[in-house]
Amino acid sequence: MHSSQKTPLYEKHLEMRATLVDFTGWSLPLHYGSQIEEHHYVRHDAGMFDVSHMTVVDLHQKDAQSFLRRVLANDVARLVHPGDALYTCMLNARGGVQDDLIVYWRGDSNYRLILNASTRDKDLAHLRAEAVPFQVVIEERQDLAMIAIQGPHARAKTLSVFPHSLQESAKELARFKSGEWQDFFVARTGYTGEDGFEILLPRKEAPFFWDKLKAVGVFPCGLGARDTLRLEAGMNLYGNDMDESVTPLVSNLEWTVAFVPLARDFIGRKALMQQKEQGVSQKMVGVVLKTPGVLRSHQTILMDGKEAGMTTSGTFSPTLKRGIALARVSTEVGATCQVVMRNTQADALVITPPFVRNGKQTF
């Protein structure tokens, strides 16, 4: 724990007696007492997460757009208004997922990427290597903190602590859009399946802003609730549900790949086109236990007694009160399957994620 990096909110976590864990080299709260309660705060009210460990990278100079059109599978040319955002994968030459990220267009030749903390070193090395032929500056922003506020009341509560001059502008922000006011970069994005904001602000201002949010009833939440929330929302976790060994086509992420225009030669395109032509043999599905139990990653999926795939992420869903998982399975798997749990076979439903939307079951 001593070697872990600390976010600007570390002292706040200590004050609140958080259970701290090492997460990709950062000391972060797992929970502040009850992971289940924190999960429900986000589904029914408003919760906030310290996500200052995420890697923020700004790109500028004239080739920024053409560079990103080369290194990202989605097409940043789709961003037509300053503040527009896009979810995308960054692929290797084999079409494997190097990372998944959000890219924001800030106007002119300015873009902001939010990368996973676990892939920081390889992502920065990859971006810098690929940038050599382009006139682009890649700048990591270690001067910023990041707080995610999520839940049905997240926007209203967050707006109430903004200065009045910002409230009206921030209120107009549509989903998957961002705006910049004073020192705040405010994006209407998130990783929970709920509405809300992800806010970047100067490190020194983060503890003060955290306290203001807490004072209006936004509940601090840890990594535990973040994981159960994103899994209920059917959102992939890098390193579990996709990595460099699998492509977006078998990770429920084909929607994040822009194959048109045909002339855009992004890294991994050739491999994906080949895979599409040959036809994929696997797909990503949601699995819901019919009987009591908790699903975990790396559990074998059976169809008619034969091995048909593997769970990639699993948990107990606090909203559904059932075991749920994402799984990569044979395309032949239908509406039901069995999961091998401690040498027994448990019956399960197979669904198309998400499991939960707007706090309600989807299947």
Next item on the list: Only residues that are under 28 Å from residue 97 (Cβ atoms) and either without any contact (Cβ under 8 Å) to a residue 24 or more places away in the chain or assigned to a helix (DSSP H, G or I) (or both): list them for region 203-241, please.
Entry: 223, 224, 225, 226, 227, 228, 229, 230, 231, 232
Margin query: Looking at (1) among the small types (Gly, Ala, Ser); (2) at pLDDT 95 or above; (3) in contact with a strand residue (DSSP E or B) (Cβ under 9 Å, 6 or more places away or on another chain), which one does residue 3 not meet, given that it meets all the others?
Written below: (2)
Next item on the list: Report whether or not residue 331 is surrounded by fewer than 18 Cβ atoms within 10 Å (Cβ to Cβ) and of a type in the set (S, T, N, Q).
Entry: yes
Note to self: If I go through region 312-363 residue by residue, how many of them are closer than 19 Å to residue 249 by Cβ and either out of contact with any helix residue (DSSP H, G or I) (no Cβ under 8 Å at 6 or more places or on another chain) or of a type in the set (Gly, Ala, Ser) (or both)?
What the structure shows: 11
Checklist line | Test for residue 209: is it of a type outside the set (Ser, Thr, Tyr) and on the phi > 0 side of the Ramachandran plot | finding: no
Checklist line | Condition check for residue 58: touching a residue at least 40 places away in the same chain (Cβ under 8 Å), touching a strand residue (DSSP E or B) at 6+ places or on another chain (Cβ under 6 Å) and either outside the structural domain of residue 176 (by TED's automatic domain parsing) or crowded, with 17+ Cβ neighbours inside 10 Å (or both) | finding: yes
Check: Just wondering, is there one or more residues in region 257-265 that are over 30 Å from residue 67 (Cα atoms) and either modelled with pLDDT of 95 or more or within 25 Å of the chain's Cα centre (by Cα) (or both)?
Finding: no
Check: Quick one: what pairs do we get from region 132-146, first residue in contact (Cβ under 8 Å) with a residue 60 or more places away in the chain and hydrophobic (A, V, I, L, M, F, W, C), second part of a strand (DSSP E or B) and surrounded by fewer than 18 Cβ atoms within 10 Å (Cβ to Cβ), C-beta under 6 Å, 6+ apart or different chains?
Finding: 137/60
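The values are calculated or read from the model by the stated rules, or taken from the named source; none is laboratory data. No experiment lies behind these values; they were computed from the predicted model shown. Neighbour counts run over all protein chains shown; Cβ positions are idealised from the backbone, glycine included.
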